[in-house]
1. Looking at segment 85-110, which of its residues are of a type in the set (Val, Ile, Thr) and either at positive phi or open to solvent by 20 Å² or more (accessible area, probe 1.4 Å) (or both)?
2. Can you give me the number of residues within segment 28-39 that are modelled with pLDDT under 90 and open to solvent by less than 30 Å² (accessible area, probe 1.4 Å)?
3. Looking at the structure I just gave you, is Gly48 of a type in the set (Gly, Ala, Ser) and open to solvent by less than 60 Å² (accessible area, probe 1.4 Å)?
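The values are calculated or read from the model by the stated rules, or taken from the named source; none is laboratory data. Note that the coordinates shown come from a computational prediction; the quantities given were computed from them, not determined experimentally. Heavy atoms of the whole protein, side chains included, go into the accessibility calculation; ligands, DNA and RNA do not. Shrake-Rupley method; radii C 1.70, N 1.55, O 1.52, S 1.80 Å.
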Amino acid sequence: RSMAEGTNVSVFKTKHGKEGIAVNGYQFRLDNKRLADGSLLWRCLKEGCPGRMQTDATYNNPRSRGRDHDHMPDPEGCLVRSVVSRMRERAANENTPVPTIYHEESTTLAASAAASAILPTRLSVSSSLYRARRKRLETIF
């Protein structure tokens, strides 16, 4: 079952540094399987959900595989996950103070009150941001 034309696929890093994609309000992680044609198989991030997705090697042309999801889509959750992923990426690659990164990235959610409401607090996300930065610094020294 192919997705509608113009389906928005966004790529993010999970908290463990693995690749993930968000499609139509659902979030997926790579299922460690590559098909013979080079396409990728993805599994829903929600534990126990049977939802699966297949994309080509460049994350385009998403199509559903197998059974449908057993939960509703969560577009706000997808948006928050991409913002937190961007925060983690910036913390690892920039020298900008972590509180400033949090403030700058969280203001991108200002248009969505629902997404702003579920964004983790700076205190709860700062340890993972400092950890990402520390990993980069450990490779330098």
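1. Within segment 85-110, the subset of a type in the set (Val, Ile, Thr) is 96, 98, 100-101, 107-108.
Scanning segment 85-110 gives Thr96, Thr100, Thr107, Thr108.
2. Result for segment 28-39: 3.
3. Numbers: of a type in the set (Gly, Ala, Ser): yes; open to solvent by less than 60 Å² (accessible area, probe 1.4 Å): no.
Answer is no for this residue.
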